[in-house]
Amino acid sequence: MAVDRASVLRELHDLHGAVIWRYAVHLTRNPSTADDIVQETLLRAWKTPRILDQDPASVRSWLFTVARNLVIDDARSARHRHEVAVDQPPHPATADSTDGLFDTLLVAEALKALSEDHRNVIVRAYFGGQNTADLAAELGIAEGTVKSRLHYGLRA
């Protein structure tokens, strides 16, 4: 019997599914809601054995009535009444700056813990954008010393 009911349901879908879908789109103006309406309509036909026993051609008005009632029930539901469709969210998302703030505090604390020579080289190189050759010339030290202070300052 289950295979027979499945074939009858498949035949109902083939004969009426597209027409019911277009009707549901017309009523809801939403293709995905129409998909749900068609699915629920056919499920109700599956659960109503007397419908499956009738001639599939005479079932169309019953299917339209079920689809219409489903649309009405959805429109009357609390979910539908309390939801307002909008193109954009009411409050645009903003980036959380907490991580950046903590990073700034950690870097400031780390720089305070360094010696003056190491801090001076790191600040000028990373925040001032100077290369090791420019730093060496400006500070009057060897380029290898600048590299060494950068290395050990970053490790500290």
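The table for this structure:
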quantity	calculated
Between 0 and 90°, nearest 10: helix 2-28 axis offset from the chain longest Cα axis	70 degrees
Coil-residue trypsin sites (Lys or Arg not before Pro) of segment 1-61, DSSP, other Cβ within 10 Å capped at 16	ARG29
Accessible surface of the chain, 1.4 Å probe, proportion on carbon and sulfur as whole %	55 percent
Acute angle (nearest 10 degrees) that the helix 60-76 long axis makes with the longest principal axis of the chain, alpha-carbon atoms	40 degrees
Intensity falloff of the chain expressed as log10 I(q)/I(0), Debye formula with alpha-carbon point scatterers, at q = 0.10, 0.18, 0.20 Å⁻¹	-0.56, -1.01, -1.13
Under the Karplus curve 6.51 cos²θ - 1.76 cosθ + 1.60, θ = phi - 60°, whole-Hz ³J(HN,Hα) for segment 138-150, x wherever Gly or Pro sits	5, 8, x, 10, 5, 4, x, 5, 4, 4, 5, 5, 4
Accessible area of the chain divided out per residue, in Å², using a probe of 1.4 angstrom	72 Å²
Within the chain: Cβ-based charge dipole about Cα centre, in debye rounded to nearest 20 (Lys, Arg +1; Asp, Glu -1)	520 debye
Among VAL107, VAL121, TRP46 the positive-end extreme of the charge dipole of segment 6-122 (Cβ point charges)	TRP46
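The values are calculated or read from the model by the stated rules, or taken from the named source; none is laboratory data. As the structure is a computational prediction, the values presented were derived from the model and not from experiment. We place every Cβ from the backbone using ideal geometry, glycine too, and count neighbours over all the protein chains shown. Each accessible area value is taken on the protein alone, full model and side chains, heavy atoms only, with ligands, DNA and RNA left out. Shrake-Rupley method; radii C 1.70, N 1.55, O 1.52, S 1.80 Å.
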